[in-house]
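Worksheet: the structure to be examined is printed underneath.
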Amino acid sequence: MAKFYATRNSEISAREQEHMKQVRKLAVECMVVLENDGILPLKNKGKIALFGNGARKTIKGGTGSGDVNSRKVVNVEEGLLEAGFEITSTSWIDGYDRVHAEAAKAHWAWIEEESKKTGVPSFALSMSTPLKEPELPMPTDEEFAQMTADTAVYVLSRNSGEGVDRTNTKGDYQLTDSEIAMLNKLSTIYEHLVVLLNVGGVIDTKAIKEIDSLSALVLVSQSGNIGGHAIADMLTGVSIPSGKLTSTWAINYEDYPSSEGFSSNDGDVDDEYYTEGIFTGYRYFDTFNVEPSYCFGYGLNYTSFETLVKEVTGDADEVKVTVEVTNTGTVYSGREVVQVYYSAPQGKLDKPYQELGAFGKTSVLEPGACETMTIVFKTSDMASYSQEKAAWIMEAGDYYIRVGTSSRSTRVAAKLVLDGQVIVEQLKNLFTEEEPVSDMTIGGVPSISYDGEQKEKDTATLINLDSSKFISHSIDYISAYPVLEDKNPQKKVTMDDVLSGKYSIEELTAQLTVEEMANLCCGTSKGLEMMSAVGSSSISVPGAAGDTTGIMEEDRNIRQMILADGPAGLRLVPNFTASEEGVILAQDNPFTSSFEAEEKEKVEGIDYYQYSTAIPIATMLASSWDMDLIETCGRIVGKEMEEMHVTLWLAPGMNNHRNPLCGRNFEYYSEDPLLSGVCAAATTHGVQSIPGIGTTIKHFAANNQENNRFLGCSHVSERALREVYLKSFEIAIKTSQPMSIMSSYNLLNGSHTANHYDLLTAVARDEWGFEGVVMTDWFTTQRMDFIFGVEGKKAKYDISSPSQCVYAGNDLIMPGSDSDINGIIDAVKEGQLDISYLQACSKRILTIASRSHLYEGAKPYMSHFSDLPYVMKVTSVK
């Protein structure tokens, strides 16, 4: 009989109310003001003419496993009405509602028909072919005459999600003709036009910026289920936006260096070649002097600031930058983000024009107030990876420290001169290919510059760095695991014995049979016959993504861990009905509950409720550049995990924004690995401050597209991998020790990441010191062709192997199946897999379980680690 942890009380809880109150305030700080002629904040709460596909259909977050089933989503219309505005365009919104409802109904009918025709499950079709927003109806002049107001607010929405990449087409990356026509019409009718971008990723802004009378443009992003209230607070100045962009917004999509070959753009989704190398995002735009529409780190305030560098010091250990920030405005308070970049010398290795080294955000400064910030980062973090030397090195030469409030506003503040080459860390090259990717080179192309830059370099504070003072590190790679032998045959060791200190985890592991360990290393789903198990296979927490085995709970007290999706909150079934005996009789479908066409038949039984708070999407959180704020969101999720009895949150997602068309970019933080890494660490600190629960950073690694996500291969040079695509994971692991890592679906340089020993063991554990569990993404060891409508089509690459997962250090295969279990058992019996690797995986799973909330006396997971390193430190004095 299943034990449920959900509440039977359908009323909104105090926890829901408190968490939504917190999210409402912090979401505004993540919003990015891109244009403002002074209209914002709005000076009075009079009439508003509200338009756009997001006016009432405001998107809280993306689709797929990143969705959250909250009790209610507050849209922009509701937010403005509650704030006291009179909306004069209700008739237009009602009309669009009818158009949208018809489109949604037709779309869902098509999905059901296509599912019957092809055999592809409806949930898979809903992911791969999401609803396209219908064209906007244009009001007549007579209708406009009834919608009187000084200000029009237009909410432009875009959605995306798991399973399919976006496209550079109208209605997705580009605006539709009807959207452009509507915006231009509004600009001629209303005195002020405010455009709100309710989007999860980058879109083409050319048509918007060409509007002569555009008053304001704000990236409100997708701020969770309380978003409408937060947007109203931003518009009225109740709360002040202070966000900065976390990715570069190009003028044209073709300006991105990966645009031509990304995903389906070149017709090849089997192989993705990362030929741009380290030159991604602003590193490319700055180095190759490509003008962006909005640069990385950009964002306006309702006030103005002056940033003055007071001092820069440095040695072989740290670089310290002291900056004084003053609010020079006279009306509004605000917060500023100080960004510190470095420019490494061009030597044998090409270097970007500049790279983000550290940053800090001020507290709220009233007009005239100032704050002194000291921002510190490690000098060795300016190293580059040399494939020739298989090491992180700092080449001799001039290292310029730059300070600004965006990537295109930096100015030289100091020059550090290194007198000789330094090997910071000696490693091994672990990701070479027979035919390596040929990375982009600078080749004499002039980088961006500005008037006075050379003079700044010539007169900058000079700091000499002595190469002999640097400490070089080397890695001791594990070559084999010892076989654990049972030295206590007279005693059946239990988890209770381990927790009491009588026996060790090793002694418990040594007693487990191959069959028991194989079950322990696989989730509890029975495989593809359980269609509902795709991303939703937990029994005791319906809608959670999966469980670990419970077959040894009775005799050894090894309890089940429950895993739930993220990363914008918990994705659980919001409502289900069960019998007295614990049998689920009916439940909402977590993938399709948002479709209006879905109907749920009422059955007799006990109703349970699992409403979760939808926090802002990851990209939006990162736009705050505020690690305390992100940590607070982590605690919100952590407290809900504790309430719902979830052990591991399958988040944060932290793959880089390599290309703006990646369908899951909304789940990820940034194009910059430093920003992504510290955001993931902050989220982890927040979640893991709750005793016995943890995060799962994903998808490890180079998982930057969704089309053919199960069997696509990412080809990346070792340098680009280590400097860009692995660096964020390295930062998060070293500074926060997440409880788990999820390997990705894709292959990496010809090898499945799930089977990649060098990635999962040599890098994550040996080089970075990771001590948690590695798990697979769902069904990576099983063919999913028939689910996604490509059954019978020959795939270039095959699926990953369960026994190879164990060998590589992929401890937990999810959601698990009989074939996974049998494959592991057979591999051990046939001598293809040494039992020591299975024991090592089992030991890691048991260690995490023993430290979890499943047992009394659990402590915050972070408390098991002392003296974690840092990548940057910020101190402030007002």
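The values are calculated or read from the model by the stated rules, or taken from the named source; none is laboratory data. No experiment lies behind these values; they were computed from the predicted model shown. Note: ideal-geometry Cβ built from the backbone for every residue, glycine included; neighbour counts use all protein chains shown. Remember, those area values only see protein heavy atoms, side chains included, never the ligands or the DNA or RNA. Shrake-Rupley method; radii C 1.70, N 1.55, O 1.52, S 1.80 Å.
What the table shows:
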| quantity | calculated |
| --- | --- |
| Residue selected from region 365-375 under the condition open to solvent by 10 Å² or more (accessible area, probe 1.4 Å) and under 20 Å from Val340 (Cα atoms), by the criterion farthest from the chain's Cα centre (by Cα) | Cys370 |
| Matching option when the condition is among the β-branched types (Val, Ile, Thr) and either closer than 23 Å to Ala181 by Cβ or more than 29 Å from the chain's Cα centre (by Cα) (or both), among Thr63, Thr140, Thr129 | Thr140 |
| Any chance Asn53 is assigned to a loop (DSSP other than H, G, I, E, B) and surrounded by 24 or more Cβ atoms within 10 Å (Cβ to Cβ) | yes |
| Test result for Gly62, in contact with a strand residue (DSSP E or B) (Cβ under 7 Å, 6 or more places away or on another chain), under 28 Å from Asp628 (Cβ atoms) and open to solvent by less than 60 Å² (accessible area, probe 1.4 Å) | yes |
| Hey, Glu631 modelled with pLDDT of 95 or more, open to solvent by less than 40 Å² (accessible area, probe 1.4 Å), closer than 29 Å to Ile697 by Cβ and assigned to a helix (DSSP H, G or I) or not | no |
| Failed criterion for Leu661 (all others in (1) farther than 30 Å from Gln560 by Cβ; (2) out of contact with any Lys or Arg (no Cβ under 6 Å at 6 or more places or on another chain); (3) open to solvent by less than 10 Å² (accessible area, probe 1.4 Å) hold) | (2) |
| Counted residues, region 836-862 - those being outside any loop (DSSP other than H, G, I, E, B), modelled with pLDDT of 95 or more and either of a type in the set (A, V, I, L, M, F, W, C) or open to solvent by less than 60 Å² (accessible area, probe 1.4 Å) (or both) | 15 |
| Which listed residue is touching a residue at least 40 places away in the same chain (Cβ under 8 Å), in a strand (DSSP E or B), within 30 Å of Ser380 (Cβ to Cβ) and open to solvent by 40 Å² or more (accessible area, probe 1.4 Å), from Thr313, Thr275 | Thr313 |
| Options Glu35, Glu78; residue that is at pLDDT 95 or above, assigned to a strand (DSSP E or B) and surrounded by fewer than 22 Cβ atoms within 10 Å (Cβ to Cβ) | Glu35 |
| Region 709-728 residues that are in contact (Cβ under 8 Å) with a residue 12 or more places away in the chain and assigned to a helix (DSSP H, G or I), paired with ones that are surrounded by 22 or more Cβ atoms within 10 Å (Cβ to Cβ) and of a type in the set (Phe, Trp, Tyr) (beta carbon under 6 Å, 6 or more apart) | Glu718/Phe431; Arg719/Tyr385; Ala720/Tyr274; Leu721/Phe431; Arg722/Tyr385; Glu723/Tyr385 |
| Count of region 205-217 residues which are out of contact with any helix residue (DSSP H, G or I) (no Cβ under 7 Å at 6 or more places or on another chain) and buried (at least 17 other Cβ atoms within 10 Å of the Cβ) | 3 |
| Check on Gly535, open to solvent by less than 40 Å² (accessible area, probe 1.4 Å), under 25 Å from Met641 (Cα atoms) and either modelled with pLDDT under 90 or charged (D, E, K, R) (or both) | yes |
| Asp439 assigned to a strand (DSSP E or B), of a type in the set (D, E, K, R) and open to solvent by 40 Å² or more (accessible area, probe 1.4 Å) | no |
| Search result, residues across region 674-704 that are touching a Lys or Arg at 6+ places or on another chain (Cβ under 8 Å), part of a loop (DSSP other than H, G, I, E, B) and within 18 Å of Thr280 (Cα to Cα) | Asn703, Asn704 |
| Criterion (open to solvent by 40 Å² or more (accessible area, probe 1.4 Å), at pLDDT below 90 and part of a helix (DSSP H, G or I)) met by exactly one of Lys105, Lys117, Lys21, Lys25 | Lys117 |
| The lone exception for Lys351 - which of (1) open to solvent by less than 10 Å² (accessible area, probe 1.4 Å); (2) under 30 Å from Gln426 (Cα atoms); (3) in contact with a strand residue (DSSP E or B) (Cβ under 6 Å, 6 or more places away or on another chain) it fails | (3) |
| Unmet requirement for His192, which otherwise passes all of (1) within 25 Å of Thr236 (Cα to Cα); (2) without any contact (Cβ under 8 Å) to a residue 60 or more places away in the chain; (3) open to solvent by 20 Å² or more (accessible area, probe 1.4 Å) | (2) |
| Considering residues of region 394-421 that are open to solvent by less than 10 Å² (accessible area, probe 1.4 Å) and under 14 Å from Asp466 (Cα atoms) only, the residue farthest from the chain's Cα centre (by Cα) | Leu418 |
| Candidates Asn225, Asn184, Asn252, filtered to the one that is over 30 Å from Gln339 (Cβ atoms) and surrounded by fewer than 20 Cβ atoms within 10 Å (Cβ to Cβ) | Asn184 |
| Close pairs (7 angstrom Cβ cut-off, 6 or more residues apart or separate chains): farther than 13 Å from Ala618 by Cβ and among the polar types (S, T, N, Q) in region 684-695, open to solvent by 10 Å² or more (accessible area, probe 1.4 Å) and part of a loop (DSSP other than H, G, I, E, B) anywhere | Gln688/Pro860; Ser689/Pro860 |
| Residue satisfying condition, being open to solvent by 10 Å² or more (accessible area, probe 1.4 Å), of a type in the set (A, V, I, L, M, F, W, C), part of a loop (DSSP other than H, G, I, E, B) and in contact (Cβ under 8 Å) with a residue 40 or more places away in the chain, within set Ile799, Ile821 | Ile799 |
| Which numbered condition Glu16 fails, given (1) without any contact (Cβ under 8 Å) to a residue 40 or more places away in the chain; (2) in contact with a Phe, Trp or Tyr (Cβ under 9 Å, 6 or more places away or on another chain) | (1) |
| Residue identified as at positive phi and not hydrophobic (A, V, I, L, M, F, W, C) among Gly54, Gly64, Gly46 | Gly64 |
| Failed criterion for Leu214 (all others in (1) over 27 Å from the mean Cα position of the chain (by Cα); (2) without any contact (Cβ under 8 Å) to a residue 40 or more places away in the chain hold) | (2) |
| Residues of region 726-749 classified as of a type in the set (A, V, I, L, M) and open to solvent by 10 Å² or more (accessible area, probe 1.4 Å), total | 1 |
| When residues of region 422-436 are limited to those that are modelled with pLDDT under 95 and among the charged types (D, E, K, R), the one least open to solvent (accessible area, probe 1.4 Å) | Glu433 |
| Failed criterion for Ser447 (all others in (1) at pLDDT 95 or above; (2) open to solvent by 20 Å² or more (accessible area, probe 1.4 Å); (3) under 30 Å from Arg765 (Cα atoms); (4) touching a Ser or Thr at 6+ places or on another chain (Cβ under 9 Å) hold) | (3) |
